[in-house]
1. Pull up the DSSP beta bridges for the chain and report the antiparallel fraction as a percent, rounded to 5.
2. Assign unit charges at the C-beta atoms only (+1 for Lys and Arg, -1 for Asp and Glu), then state the dipole size of the range 1-159 relative to its Cα centre in Debye, rounded to the nearest 20.
3. Restricting the count to DSSP beta bridges whose residues both fall in the range 65-195, what percent are antiparallel, rounded to a multiple of 5?
4. Going by average Cβ density within 10 Å per residue, which order do the peptides 19-32, 175-188 take, highest to lowest?
5. Run the helix sum for the chain: -39,500 (n - 2.57) per DSSP H stretch of 4+ residues, divided by residue count, reported at 222 nm to the nearest 500 deg cm²/dmol.
6. Explain nothing, just the number: dipole magnitude of the range 27-101 about its Cα centre with +1 on each Lys and Arg Cβ and -1 on each Asp and Glu Cβ, in debye rounded to the nearest 20.
7. Please report the accessible area of Arg152 (heavy atoms, 1.4 Å probe, ligands and nucleic acids excluded) in Å², nearest 10.
8. Given charges of +1 on the Cβ of Lys and Arg and -1 on the Cβ of Asp and Glu, with all other atoms neutral, how large is the dipole of the range 109-221 about its Cα centre, in debye to the nearest 20?
Amino acid sequence: MIFAAGFGTRMGALTSERPKPMVEVSGTPLIDHALALAAPLGLRKTVANLHYLPHILEAHLAGTGVTTLTEGPEILETGGGLRAALPALGDGPVFTLNSDAVWSGQNPLQALAQAWQPDKMDALLMCVQPANALGHKGPGDFLVSKTGQATRGAGLVYSGAQIIKTELLHSIPETAFSLNLVWDKFLERGSLYALPYAGQWCDVGSPEGITQAEEMLRNAV
């Protein structure tokens, strides 16, 4: 599931006539950076949710095998968007990935797949050390124990990439809601885990983020 429904208001004029996932970093639209991470996994289904100027993304993704779902009239947020996509995604745990970030280092989805232990995990979040979270402002989101269990706290920054079981999405009464509500239920169970990312990650939420991401990619080893 690639989240691609945001307005991109912090991008200013760059998103006046195109959705944020079509903003380019190093000559490549953000949505294509995300798809490049998913491609090596051979996933049986990839879904992207759309909202702002959806026809542009629909045209760009035509022929790629990506299923597009346009949300309206309101954005459903991460939890509502994922739940609405479940008929297309099917049963079982899913990867989710934000479309407004760029990575330098190991493919985060492959790293999540290697660390996933469904017998004890309901969600495994990819998190980044603040020093390696370029373009991110504010404190971290999660503390991680030696066993990998996550708790809320100003530690690592959540990157937008995860593996998550979807059954509890149906227990949320709201139509539009954040995945934080589901994570809270996993926290109560002790089944929310986090994986520290060894590379760098850049939040491309503003024009300054584009510059930071391009510099990060130029300097990648």
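1. Details: 19 of 35 bridges.
Roughly 55 percent of the beta bridges in the chain run antiparallel, per DSSP.
2. Details: 10 positive and 12 negative charges, 71 e Å.
Value, rounded to 20: 340 debye.
3. For the range 65-195, the DSSP antiparallel bridge percentage is about 75.
4. Details: 19-32: 19.7, 175-188: 17.1.
Per-residue mean Cβ counts within 10 Å order the peptides as 19-32, 175-188.
5. Details: 6 runs with 60 residues, N = 221.
Roughly -8000 deg cm²/dmol at 222 nm, from the helical runs in the chain.
6. Values: 3 positive and 7 negative charges, 54 e Å.
The dipole of the range 27-101 has a size of about 260 debye.
7. Near enough 100 Å² of accessible area.
8. Numbers: 8 positive and 11 negative charges, 62 e Å.
Dipole about the Cα centre, nearest 20: 300 debye.
The values are calculated or read from the model by the stated rules, or taken from the named source; none is laboratory data. Keep in mind that this is a model prediction, so the values were computed, not measured. Quick reminder, even Gly has a Cβ in these numbers, built from the backbone with ideal geometry, and neighbours come from all protein chains shown. Only protein heavy atoms, including side chains, enter the accessible area calculation; ligands, DNA and RNA are left aside. Shrake-Rupley method; radii C 1.70, N 1.55, O 1.52, S 1.80 Å.
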